[in-house]
Amino acid sequence: MDTVSFTRMEDGTAEDWALIETFEIVFYEGLPDRILAALDKLRDSFGGYQVTRYTHSLQAASRALRDGRDEEYVVSTLIHDIGDDLAPHTHGEMVAAILRPFVREELCWMVRHHGSFQLYFFGHLIGEDRDARERWREHANFDLTAEFCERYDQASFDPEYDTMPVDTFEPMVRRVFAQPRYLEPGDA
Ligand SMILES: [Fe+2]
Ligand SMILES: [Fe+2]
C-alpha cells in the first residue's frame with residue numbers, strides 16, 4: 001500500500017498516518033534544497049538596483065558572517081528576502097514563518113519587521129514614514145532589528161563589495177534547517 005485508505009481525514013487509521021509520516025520525513029529532508037532554490041530564484045526578482053536581489057542577499061550574509069555573527073543569524077540574513085516572490089507586500093512575515101522552527105525567536109522578530117525598520121533609510125523619499133519603526137522603540141528586539149537593517153540590509157547593494165559565494169553558506173543552511181528545534185508541540 002502506498003496511499004492511505006481514507007478520502008476524509010476523520011476516517012483515517014493509525015496505519016494510514018504512519019504511512020503519511022514516512023513520506024513527510026523524506027519531504028522534510030528536502031527543505032534545505034528548497035530554501036536554496038528559493039534563494040537562487042532571487043536572481044530573477046525585480047531589477048533597478050546595481051545588484052540583483054540574490055547578490056543583495058549573499059552580500060548581507062557575507063557582512064554578517066565577517067562581523068562574527070552566529071550561524072542562525074547569518075542564515076536568517078541570507079534568506080531574509082526570499083519572500084519577495086510570493087509575498088511582495090508582506091515578505092518579512094513570510095520569511096519569519098519559514099524561520100520560526102529553526103532559529104531563535106528574536107531573529108524571527110527581526111526578519112518579520114525588517115521592512116518597517118528599513119524604511120528609516122528611504123521612507124521619506126517615497127512618501128512613507130521613515131520613523132515607522134518607532135512604534136517598536138521600547139520592544140526588546142528594537143536595537144537588534146535596527147542594527148540588522150543598518151549594518152547588513154540597507155548597506156548591501158554594492159557591486160564592488162567582495163560578496164561571498166552561496167557555497168560558503170550552503171552548509172550553514174543545511175545545519176540550521178536540519179531540525180525544527182524551536183517548534184513547540186502542537187504548533188503547526
Ligand atoms: Fe526585505
Ligand atoms: Fe534585504
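Residues in the stretch 23-49 that are farther than 23 Å from L86 by Cβ and surrounded by 11 or more Cβ atoms within 10 Å (Cβ to Cβ): F23 only.
The C-beta contact set for the stretch 79-107 (first residue in contact (Cβ under 8 Å) with a residue 12 or more places away in the chain and over 20 Å from K41 (Cβ atoms), second residue hydroxyl-bearing (S, T, Y) and part of a loop (DSSP other than H, G, I, E, B), distance under 6 angstrom, 6+ apart or interchain) comprises P101/Y182. Among the residues of the stretch 56-81, write down those that are under 13 Å from F169 (Cβ atoms), of a type outside the set (G, A, S) and outside any loop (DSSP other than H, G, I, E, B). If the condition is that a residue be under 13 Å from F169 (Cβ atoms), of a type outside the set (G, A, S) and outside any loop (DSSP other than H, G, I, E, B), then L58, Q59, R63, L65, R66, E71, E72, Y73, V74, V75, T77, L78 are the ones that fit.
Looking only at residues of the stretch 66-85 that are away from ligand 1 (no atom under 15 Å from the Cβ) and of a type outside the set (A, V, I, L, M, F, W, C), we find that the one that is nearest to Y182 (Cα to Cα) is E72. Count of the stretch 97-109 residues, restricted to those that are in a helix (DSSP H, G or I), open to solvent by less than 60 Å² (accessible area, probe 1.4 Å) and more than 16 Å from R34 (Cα to Cα), is 3.
In the stretch 44-60, the residues that are free of Cβ contacts under 8 Å to residues at least 12 places away in the same chain form Cβ pairs under 7 Å with partners that are more than 14 Å from ligand 1 (Cβ to nearest atom) and not in a loop (DSSP other than H, G, I, E, B), at six or more places apart or across chains, as follows: T52/R43. When you look at A14, is it under 19 Å from the mean Cα position of the chain (by Cα) and either open to solvent by 50 Å² or more (accessible area, probe 1.4 Å) or not β-branched (V, I, T) (or both), yes or no? In short, no. Considering every residue within the stretch 71-84, establish whether at least one is open to solvent by 20 Å² or more (accessible area, probe 1.4 Å), over 16 Å from the mean Cα position of the chain (by Cα) and not small (G, A, S). The answer is no; no qualifying residue exists.
Taken over the stretch 110-161, residues that are within 13 Å of ligand 2 (Cβ to nearest atom), open to solvent by less than 50 Å² (accessible area, probe 1.4 Å) and outside any helix (DSSP H, G or I) amount to 2.
Scanning the stretch 162-180 for residues that are among the aliphatic types (A, V, I, L, M) and exposed (fewer than 15 other Cβ atoms within 10 Å of the Cβ) yields one hit, A178.
Within the stretch 87-131, the residues that satisfy the criterion of being among the aliphatic types (A, V, I, L, M), more than 12 Å from the chain's Cα centre (by Cα) and more than 14 Å from ligand 1 (Cβ to nearest atom) are L125, I126.
The values are calculated or read from the model by the stated rules, or taken from the named source; none is laboratory data. Just so we're clear, the structure is a prediction, and the values are computed from it rather than from any experiment. We place every Cβ from the backbone using ideal geometry, glycine too, and count neighbours over all the protein chains shown. Side chains are part of the model used for accessible areas, which takes the heavy atoms of the whole protein and leaves out ligands, DNA and RNA. Shrake-Rupley method; radii C 1.70, N 1.55, O 1.52, S 1.80 Å.
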